[in-house]
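Here, each number is a calculation from the coordinates, and none is a lab measurement. Values in this document were obtained by computation on a predicted structure and should not be read as measured data. Glycine also receives a Cβ, built like all others from the backbone with ideal geometry; neighbour counts cover every protein chain displayed.
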Amino acid sequence: MAKQNKTLPIDFPILFFTLALIAFGLIMVLSAGAVSGFNSKQNIYFYLFLQMKWTLVGFVFAAVVIKVPYTFWRKFAGVAILVSVALLIAVIFSDAGVAAKGSARWINILGVSIQPSEITKLALVLFYAHILDRYPVTRGKKWRIPLGVLLPVSILIFGLVYKQPDLGTTMVLALTSAVMLLQTEIPTRWFVGAAPAFGLPLFYMIYRTKNQLVHYQWDRILAWFDPWKYAANIGYQITNAEIAFGSGGLLGVGLGRSLQKYGFLPENHTDMIFAIVGEELGLVGTLFLLLLLISLYARAYYVMRQCPDRFGRLLGFGLTSSLAIQTTINLAVVTGVMPVTGITLPLISYGGSSLIITLTELGLILNISRYRMKRTSSYTTKKLSNVSE
């Protein structure tokens, strides 16, 4: 690894956009979760207080990873994957798993509910960065060792997450793995062939199970094709999201004045919170939120390119891509571009595990930014797998 004698301050734009999104998210959780909080706990601030608690916990984790050099964490890449696999197995096959709404995605440890798939997002990126740095994938036979390690591990993890079932997180993990492999010299045609090779069997599996326990996955595909045809049942959620956006118009109905949160739009403070943003703040509010998200990821990508070693670039690129992919899928789902799948909007949606892991990932990104090289007119970037250390 190329070393620097001195580290730079953390990148201020990344920190600014992160804090702005956290503030935006807390305001929307208060607004969207007020009715649910009052109905369940007689406290309109219930979800806000919980979100603030998880935010503080996330800040602690972020502060730790900001202070410790990012190269230190690669020592735990293998351990992190093993722990993730163990937790994923436990959540499915042991009594510790907690089921909710047809899915077993949480596990109780010492009275605290943890979502192992969220931990897996971070662990998988760390593992990929470590392996691809140690065994660079190049043309010829040098791809056998890294892919021989990464592919079996990835398939195992994808299978365990899908088994919960959690198709949304499976997609995030798979796409994050793919974009990290794209930074190597693997021929592009492999990825072109991989899409139908994995996508068609997955579609077939969903179709075959349409009359079984996970029939809702096929129902969501049907609702995606024609949501208003099924507005009274399987298309209820997406049609109410569309009503929320339509009601918002240009400027919105006003912060806190949503009607959809009064029991009409399910998951309005979690997966579907972007629809409440559209209803209350209108097109202007949604575009402002999109601008913050795009600015955060664009700045992170820009800064990660300036990291002096391949592991840091791979790690930063993978973490940023994971968050960007999750954001894209959530926005596509809420706006009806994709079938409904349960996945949160980073930094905006309510959720403890998701928020803590997101802040930890951003803490690592800020850590990497401390080691960035100052760009000069002669400074050029090369493909991640080809830069000599």
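Cross-link pairs exceeding 18 Å between alpha carbons, from the set LYS53/LYS261; LYS6/LYS67; LYS41/LYS261: LYS53/LYS261. According to the Cα-based calculation, Rg over Rh for segment 12-369 is 0.96, with Rh computed by the Kirkwood formula.
Amide H contacts of ARG105: VAL98, ALA100, each under 5 Å away and 5 or more positions distant or on a separate chain (H built 1.01 Å from N in the peptide plane; Pro and chain starts excluded).
Residues of segment 342-366 with amide nitrogen under 19 Å from the 7 Å Cα-to-Cβ point of THR7? Counting backbone N atoms under 19 Å from the label point, the list is 359-366. Under the simplified labelling scheme, the THR71-VAL192 pair shows an inter-label distance of 4.0 nm, with each label point 7 Å from Cα along Cα→Cβ. Could you give me D for segment 299-375, from Stokes-Einstein at 10 °C and 1.306 mPa s, where the hydrodynamic radius is the Kirkwood radius over C-alpha pairs? Units µm² s⁻¹, please. Value of D from the Cα-based Kirkwood radius: 118 µm²/s.
Here the 3J(HN,Hα) profile of segment 64-69, calculated from phi with Karplus coefficients 6.51, -1.76 and 1.60 at θ = phi - 60°, is 5, 6, 5, 6, 8, x Hz, Gly and Pro shown as x. Computed from the C-beta positions of ALA332 and ILE145, the FRET efficiency with R₀ = 51 Å rounds to 0.90. On the basis of the beta-carbon distance and an R0 of 56 Å, ILE221 and LYS41 show a calculated FRET efficiency of 0.95.
Normalising the average separation of contacting C-alpha pairs (under 8 angstrom, six or more residues apart) by the number of residues puts the relative contact order of segment 12-369 at 27 percent. How high is the relative contact order of segment 220-350, in percent, counting Cα pairs under 8 Å that sit 6 or more residues apart? It comes to 27 percent, rounded to a whole number. A simple packing score, the average count of other Cβ atoms within 10 Å per residue, orders the peptides 331-343, 82-94 as 331-343, 82-94, with the highest score first.
Have a look at GLY235, PHE317, ILE348 and report the one farthest towards the positive end of the charge dipole of segment 12-369, computed about the Cα centre with Cβ charges (Lys/Arg +1, Asp/Glu -1). My answer, from the dipole projection, is PHE317. Here each label is just a point 7 Å from Cα along the line to Cβ, and for PHE49 and ALA298 those points are 4.0 nm apart.
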